Amino acid sequence: MKISSLETLVLYLSKLPGLGPRSARRMALHLLKRREGLAYPLIEALKSAADTIKECSLCGNWDEEDLCSLCRSETRENYLLCVVESVADLWALERMGSYKGAYHILGGTLSALDGRGPEDLKIEALVRRIKESQFEEIILALNATIEGQTTAHYLKEYISQNAASNLKITHLAYGVPLGGELDYLDDGTLMTALKERRFF
Ligand SMILES: [Zn+2]
């Protein structure tokens, strides 16, 4: 049985993160109702991005050029290196606009469950980069998940043993989010916040 072009469209849309078949159908109808204003420009944008965006060979960011604009920039602080899991995490930090150092994208976290070991992440490239550069601090900005934290601990040991033993290695602070009310926090966050308490 031949699958219709509408069904094909819905099928592909439903593969996007956060979209089930129902929202994919709604999105397909929305696109078809707005062909000139939305569907055709979207096709152009998708094609152009798919053809031109590549991975930066130094940090793993996505850009039209290799090296990416962050690695090419001469105004970044080249003594700071921030290690993140994904391009999305890099973009989140960049949106904030206050970090001016370099990045290194690992491409995920260690995961025994999913069978992801150190060789599946860009760890050797990270060690090589640290050895060849003059970084003074490595910020492990991994997610506050069990896998993110396991990976951070592994990286700390691995970098100390294989790249530089005297390097400052830091991680992001954990605790009460801005605007957060204690009563609404989960136990893990509250416990960490209490453990990481500071002097006024
Ligand atoms: Zn780059």
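The values are calculated or read from the model by the stated rules, or taken from the named source; none is laboratory data. Small disclaimer: the values here were computed from a predicted structure and weren't measured. Every residue, glycine as well, gets a Cβ built from its backbone with ideal geometry; the counts of neighbours run over all protein chains shown.
Being of a type in the set (A, V, I, L, M) and either closer than 21 Å to Ala163 by Cα or part of a loop (DSSP other than H, G, I, E, B) (or both) is the requirement here; does Ala144 meet it? So Ala144 passes the test. Scanning segment 63-87 for residues that are surrounded by 14 or more Cβ atoms within 10 Å (Cβ to Cβ), more than 9 Å from the ligand (Cβ to nearest atom) and over 18 Å from Ser98 (Cα atoms) returns Glu85, Ser86.
A single member of Ala125, Ala152 is outside any loop (DSSP other than H, G, I, E, B), crowded, with 19+ Cβ neighbours inside 10 Å, small (Gly, Ala, Ser) and in the same structural domain as Leu67 (by TED's automatic domain parsing), and it is Ala152. Within segment 90-99, the set of residues being within 14 Å of the ligand (Cβ to nearest atom) and either under 18 Å from Glu136 (Cα atoms) or charged (D, E, K, R) (or both) comprises Glu94 only. Scanning segment 46-61 for residues that are on the phi < 0 side of the Ramachandran plot and near the ligand (Cβ under 9 Å from one of its atoms) gives Glu55, Cys56, Ser57, Leu58, Cys59, Asn61.
Selection of segment 9-34 for residues being exposed (fewer than 15 other Cβ atoms within 10 Å of the Cβ) and either of a type in the set (A, V, I, L, M, F, W, C) or not assigned by TED's automatic domain parsing to the domain that holds Glu44 (or both) yields Leu11, Leu16, Leu29, Leu32.
For Lys122, the conditions (1) within 19 Å of the chain's Cα centre (by Cα); (2) modelled with pLDDT under 95; (3) charged (D, E, K, R) all hold with the exception of (2).
Looking across segment 17-41, just one residue is among the aliphatic types (A, V, I, L, M) and at pLDDT below 95, and that is Leu19.
A Cβ distance below 6 Å, combined with a sequence gap of six or more or placement on separate chains, defines the contacts here; from segment 121-148, residues that are touching a residue at least 60 places away in the same chain (Cβ under 8 Å) reach residues that are of a type outside the set (A, V, I, L, M, F, W, C) in the pairs Lys122/Gly107; Gly148/Thr109.
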